[in-house]
């Protein structure tokens, strides 16, 4: 009778299948357990945040109307606008916002419509926001508090209206911008946000001349801040510190634009990268004007928030991310090099939210080459799109068109060869008289030829 053999244990395939099923079950259990734990922690933190908000609001409810104010408000109160509190090992941030409000429907004294209004404060709006995990989660409570009388007088106080809009996008309103208003003299320091009309209305601010610093911040937008007038500032600022006149509506209009990106690229005439080219870039938001100097006959210089020296580094590129839009001007600082073309022009406009590339073509000054510049004979302005024809007795015959920068560079390719010698040069462009002449190019030297074109009658 033949013997029977029985296998004991598992095959390798069975072991792998078992491990896969075990791992799948384990991972599923862990995911469910982790999600459940996170939800329980979130619910616990949310309950703690709600309790803190109710606690703070209950404190406000027990205060007299005049005492509902920040420690840096007007009048001065005992409520902190920002504070951190730790409960059960978790730190919560509490933001208490208090605003004097005028009810436009009570038919008595609408702040924005009556400049002679002396008692516009109908109620105080209080909003308490409790956040945790670095602001990833938050809850908020809001309430209104009405005084014993109908309106609150504002002896020695006024109204400040902050309007935020974009000066580069058709005057688009900027809503949701965080506005911090500070006065180092009175101690006033409060932070609020612009409404859907890009407006912030603050009632009952103490009278003060050019002492209210207004700072606007918003994600994806430039940060803008007022400055004290000259000579307390080094120049005449575009946005001076705001003033509040007693019993009046005081308005400050501030331009805040969406940030933009700029890439600067340096290349040679064959579009190959040129590394480590030093340059200067100036522009963006105009923040002021150079102070008047009676001994200086030149126009007062415009002051911008971007004014830097830099270089294109390895690869011939430099990125500027999240900079203010506006007019910029590029200038070359690299010694031994000359600009032979720009796209767009070296003086260009960067729009809000735009990602622009500025291509700068450069050439060493010690090469055999010709750079032609076409400009108007009457005012010296650049002429773009000119047709430049260059020939010599050796058979060189090339025609190139100038760009928006008015520059034409020879050679544009290695073939036909460009050599030293005398060339016949002719230039033509619509609405201008044609030009013809000769130019001599020396070996190992970049020749620069300026062509003055006269407008045709």
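What follows draws every value from the coordinates through simple rules; no lab data is involved. Values in this document were obtained by computation on a predicted structure and should not be read as measured data. Please note: Cβ atoms are built from the backbone with ideal geometry, for glycine as well, and neighbour counts cover all protein chains shown.
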Per residue, the convex hull enclosing the alpha carbons of segment 366-457 has a volume in Å³ of 88
Once the mean of 1/r over all distinct C-alpha pairs in the chain is inverted, the Kirkwood radius in Å reads 28.7
Expressed to two decimals, segment 259-365 has a Cα Rg over Rh, using the Kirkwood radius, of 1.02
1/(1 + (r/R0)^6) with r = Cβ-Cβ of residue 19 and residue 125, R0 = 51 Å, i.e. FRET efficiency to nearest 0.05, evaluates to 0.25
Over its alpha-carbon atoms, segment 154-258 yields an Rg and a Dmax in Å of 13.3, 40
Rounded to the nearest 0.05, FRET efficiency between residue 133 and residue 217 (Cβ-Cβ, R0 22 Å) equals 0.55
Both in Å, the radius of gyration and Dmax of the C-alpha trace of segment 303-412 are 16.4, 53
Taking 19, 12, 407, 390 and counting other beta carbon atoms within 10 angstrom, the fewest-first order is 12, 19, 390, 407
For the chain, the longest principal axis of the Cα atoms and the Cα long axis of helix 12-61 enclose an angle in degrees, to the nearest 10, of 70
Of the convex hull enclosing the alpha-carbon atoms of segment 349-396, the direction-averaged projected area in nm² is 6.5
